[in-house]
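The values are calculated or read from the model by the stated rules, or taken from the named source; none is laboratory data. Since the structure is predicted, the reported quantities are computational estimates derived from the model, not experimental observations. So basically every Cβ, Gly included, is an ideal-geometry build from the backbone, and we count neighbours across all protein chains shown. Keep in mind that these areas ignore ligands, DNA and RNA; they rest on the heavy atoms of the full protein, side chains included. Shrake-Rupley method; radii C 1.70, N 1.55, O 1.52, S 1.80 Å.
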Amino acid sequence: MDAVEVILIMLLAVVASAYISRLLPRAVPLPLVQITLGALIAAKSSHGVELDPELFFLAFLPPLLFLDGWRIPKSGLLRDKGMILELALGLVIFTVIGAGFLIHWLIPAMPLPVAFALAAIVSPTDPVAVSAIAASTPIPKRLMHILEGESLLNDASGLVCFRFAVVAALTGAFSPASAAMTFVWLVLAGIAAGVTVTLLVTGVQRWLTRRFGEPVGSPILVNLLLPFGAYLVAERLHGSGILAAVAAGITMSYVELSGHALAHTRIQRSAVWDTVQFALNGVMFVLLGEQLPDVFRDARATIAESGHLNPWWLAVYALAINAGLLLLRMLWVWASLRLTIFKQRMRHQPRIKINPRLLLATTLAGARGTITLAGVLTLPLLMPDGRPFPARALTIFLACSVILVSLLIASIGLPRLLAGVSFPAETEEQREEDLARRAAAKAAISAIEQTQITLMEAESCVDPEVYPQAAARVIAFYEHRLKEVDPAAEAAWRKTDHAEQELRIAALTAERQTVFNLARHDHISDEISRKLVREIDLMEARFR
């Protein structure tokens, strides 16, 4: 019962954080609010939350990584693949080596493998934290796509490096050749497991739907279980469950393009996943705040072993590590941009100039979050001989401090750094949207004409004017999208379209209120009310 109560309290804290964040200045990101609420829960609770590291890892990471892989823009991922791979792979290794030696130099009591483990787990960035800050900060879309792609891939590379460092700390041995072979198998087995499980499950589900129909809610539940299945299969094959979850999400994004899922399933599934993502991310940050008092208490005991009895040394270490991470990230981003400029010069392409503000923004936007927290909590409690894992509490504390400080730096620095900066519109995205709308409208008109003929032939007794009149009204809606107009008329058309949108929303609001009033006075049943309101809600969603 205690466990159930703790879960309910955590979820209530996540709900409360969403409302509290709206009362605070917009520069305060939602994760910081959730961490604060978690610390308040710890202060008022008589006992802390006992976390099983492996269970915690399994429960939180697969669905979050699956969803990141599913929803990341694939066009941006492929367009900037060079920059993304440099950040997701090269920067992680650069950070592990540089920050690992820095941490060991700062804290000699922390063994070098443990220092590398800490450096590895703080290397992945968190797109959720940056997105919360970006809600009030004008971050360019292309930069956001690069940051999202980086965070998607560096989760896997950072956690794989973390795994190697922990094994070295447990065994006291590290073989580069063995590590390279293990890394290749982890990558290949993980990706293969994710792709295979996704294709197999979706294929079976599609066959069952064609044969027996689609039960309500079943496809959504299968979709929720998919990342866990991919993760567990990869772990059984001694591959990377992290990469399996990512690969399953990317594969799912391509499977979805087949269009076999029903419309109402897609709508409900999207709402369910939004809720799952919000809840899991929120609970993780609340757990971080709840764990902080105990982590700080244990870290003070560990720091005394290094000869520093003053707890302020913890703050010194935390700030020094954050400064080192920022410097390493800035150096790598600058070098990556210089390499890109050099390649453009060799290809005789127009050269870009390094914008110092965007360079600094890319550096500050590397906030850490849920992946760092989930990973560091999986540190073993004991060594193989039964001794406590060295500096475990200090490692967790420093990882948590990196999350907090990086969030603060990003939330304070990014809005001020990018204030007043105007970015060019994404003309490519607008062109693609216009192309899709026109192609869809032409296909719709063709389908209407064909369906009109089919229906008239099937129902010859119906008034012959019924279908032509209905088709004309529907076709007029799509022809409105296909009108070729000059730029001046285009601006006027968009103003008219905006006015029509406002009028439609006002009309739909009145419709919905009328349906609610009829249901309240028992003029219609609740079932009819829910059906009509859902139709109105779906129509309104098109205009918002």
*Leading residue by the ranking (nearest to F60 (Cα to Cα)) among those in the stretch 388-426 that are in a loop (DSSP other than H, G, I, E, B) and at pLDDT 85 or above*: F389
*Here are some conditions: (1) touching a residue at least 60 places away in the same chain (Cβ under 8 Å); (2) open to solvent by less than 10 Å² (accessible area, probe 1.4 Å). L106 meets all but one. Which one does it not meet?*
(2)
*Quick check: is even one residue across the stretch 115-133 at pLDDT below 80, surrounded by fewer than 24 Cβ atoms within 10 Å (Cβ to Cβ), small (G, A, S) and out of contact with any helix residue (DSSP H, G or I) (no Cβ under 6 Å at 6 or more places or on another chain)?*
yes
*What number of residues within the stretch 141-192 are within 28 Å of the chain's Cα centre (by Cα), open to solvent by 20 Å² or more (accessible area, probe 1.4 Å) and closer than 14 Å to A120 by Cβ?*
4
*Please specify each residue of the stretch 209-234 satisfying the condition of being modelled with pLDDT of 90 or more and open to solvent by 70 Å² or more (accessible area, probe 1.4 Å).*
L221, L225, L232
*Selected residue (only one of I250, I267, I242 is surrounded by fewer than 18 Cβ atoms within 10 Å (Cβ to Cβ), hydrophobic (A, V, I, L, M, F, W, C) and within 22 Å of the chain's Cα centre (by Cα))*: I267
_Condition first: touching a helix residue (DSSP H, G or I) at 6+ places or on another chain (Cβ under 8 Å) and touching a residue at least 60 places away in the same chain (Cβ under 8 Å). Now tell me which residues in the stretch 160-179 satisfy that._
V160, C161, F162, A165, V166, A169, F174
*Residue among L364, L309 that alone is open to solvent by 50 Å² or more (accessible area, probe 1.4 Å) and either modelled with pLDDT of 85 or more or not basic (K, R) (or both)*: L309
